[in-house]
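A short write-up of the structure that comes next.
The values are calculated or read from the model by the stated rules, or taken from the named source; none is laboratory data. Keep in mind that what you see is a predicted model, and the values were worked out from it rather than measured. Neighbour counts are summed over all protein chains in view; Cβ atoms, including those assigned to glycine, are modelled from backbone coordinates with ideal geometry. Calculation scope for accessible area: heavy atoms of the full protein, side chains included, ligands and nucleic acids excluded. Shrake-Rupley method; radii C 1.70, N 1.55, O 1.52, S 1.80 Å.
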Amino acid sequence: IPDHAADAFSPPRLSEPGLWDLLLELLLGGLSRWDAEHFLFIAERGYLYEHNCAFFPLYPLALRALAEGALWPLQRLLQLRSRLLLSAVLLNSLFSILAATALYKLGCVVLRCHRLAFLAALLFSLSPANVFMAAAYSESMFAFLAFSAMWQLEKGQSWLSGLLFSLASGVRANGLINAGFFLYSRGKCFALQLQGGSGSVRKLPPLWKQLLSLTSSVVLVCAGIFLPFALFQYYAYVRFCGAGTGLELTVPKPLLQLALDKGYRLVATNGDKPPWCSQRFPVVYSYIQDSYWNVGFLRYFELRQTPNFLLALPVTLLGSWAAWTYIIANPRHCLTLGLERRKSEEEGKPSAGFCCPAVFVYVVHATVLLAFGFFCMHVQVLTRFLGSSSPILYWFSAHLLQEHEPLLWSEGTDHQTAAPHSEKSLRGQSSSCGKRTPENPVVTLLLNCGLITPLGKCILGFFLSFWLLGLILHCNFLPWT
């Protein structure tokens, strides 16, 4: 399939590629399309153009470290850019495996059902955002850090979780919203302590000490999560709003010509500073989103964008259905934000599976991302936006398959994973869900596709069709971003 002539960032190659460079480009060049060009360019040249600052630094730094480290012996065969592309493929393969593992561990703790967690991890391996997990994008690294941080927080490892959330915010801007997980976790613990019985209250420290401990931990962890974003904005301010550094003298002429032809802004020279430098809070990220890509509330609601809305329709419907299903199953829990100690009439509610109380904060997180992405972003990115940030897409899909596919019930356990559990199940040892079996339930469904329900066909069809279409379209510079 010939590459589409897309109006995308495509910097010129400054040296003639060798034989091995051409071979690597032939094999893996499709994974360097669209935004991947930005990440590879930043890893090679740094933040040369202003709009490069929309892409956060931790992932390009990891690419450069691997290319100059473990792949350094290949420098006689491959140019730096080729080694960076190979680094991206190797790192993303590793991060995808680690993200699937972290998602499984997280599911075991939150869903308290090993079978459901295993099925969700398998669906992640067939993610509709698959091509972005493989290409030189930061999605796989972000998914690994975010899911690992959520898992550590569920285990009570608050400081390790905060560190992982902080690293995630150095990969993608939407990592900032993950601070809500820590805020909710600490707030919920404090609220439940206040609702404890009189005997337990006497064992607790005084209220002012609890408040001081809560406030200090929240401030420190949230500051750590926001620190990478703040440091990167400061770096961009110094680089593009400071005095001229004569950098233009060291930029190769083809890259200077590209800036002239495309209107890309270089480092400030001769006092010519970008307009965002004079803002009270100079944040280059929001300025780039607004000026370069016209990102903003309802700006994408145009008739000509209808195909992109259709592209985002499956994940929009799935995310909305997940939120609705959870609200209907737990109306009181949702109204009280999960901060009320469970009443006796609530004890019969699901304690495991997708509708259990522990899933609440993840449903809120996914719904916020979905609403923001639908109304304020380029809507076609919703699939990878949710697929790399929230476990809900995979948990709810696994829940629907487990609840409605008889082929998954014949393993000797009750398919109603939302049944009440014993106290032992609170530590992830679900008595009714049991341990996962060595069989692959996704393969079982695919090999018996004639026996699965229409709902199962729709879910698996969405995952597999987007998995395949993404590879075909994205790798040929066709509109799949």
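Points worth noting:
- Among residues of segment 35-81, those that are touching a Gly at 6+ places or on another chain (Cβ under 8 Å) and outside any helix (DSSP H, G or I), counted: 5
- Criterion applied to SER10, SER32, SER15 was being crowded, with 20+ Cβ neighbours inside 10 Å and polar (S, T, N, Q), and the one residue passing it is SER32.
- Scan of segment 5-34 for residues that are of a type in the set (S, T, N, Q) and part of a loop (DSSP other than H, G, I, E, B), ordered by number: SER10, SER15
- Residue identified as touching a helix residue (DSSP H, G or I) at 6+ places or on another chain (Cβ under 6 Å) and more than 25 Å from GLN233 (Cβ to Cβ) among ASP7, ASP21: ASP21
- Here is the figure for segment 219-262: residues that are at pLDDT below 85 and open to solvent by less than 80 Å² (accessible area, probe 1.4 Å) total 6.
- Filter result (among the small types (Gly, Ala, Ser), at pLDDT 90 or above and either touching a His at 6+ places or on another chain (Cβ under 6 Å) or under 30 Å from ARG186 (Cβ atoms) (or both)) within segment 293-338: GLY319, SER320, ALA322, ALA323, ALA329
- If only residues of segment 341-362 that are open to solvent by 50 Å² or more (accessible area, probe 1.4 Å) and modelled with pLDDT of 65 or more are counted, the one that is farthest from TRP151 (Cα to Cα) is LYS343.
- Hits in segment 38-80 - residues which are open to solvent by less than 10 Å² (accessible area, probe 1.4 Å) and over 25 Å from LEU227 (Cα atoms): ALA67
- Checked against (1) farther than 25 Å from ALA179 by Cα; (2) assigned to a helix (DSSP H, G or I), ALA136 meets all criteria but (2).
- Residue list for segment 82-117, filter: assigned to a helix (DSSP H, G or I), farther than 19 Å from TYR137 by Cβ and either of a type in the set (D, E, K, R) or open to solvent by 40 Å² or more (accessible area, probe 1.4 Å) (or both): THR101, TYR104, LYS105, VAL109, ARG115
Residues are listed down the side, and each one gets a yes or a no for (1) without any contact (Cβ under 8 Å) to a residue 24 or more places away in the chain; (2) open to solvent by 30 Å² or more (accessible area, probe 1.4 Å); (3) within 16 Å of ASN174 (Cβ to Cβ):
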| residue | (1), (2), (3) |
| --- | --- |
| THR306 | yes, yes, no |
| TRP321 | no, yes, no |
| THR367 | no, yes, yes |
| VAL379 | no, no, yes |
| LEU382 | no, no, yes |
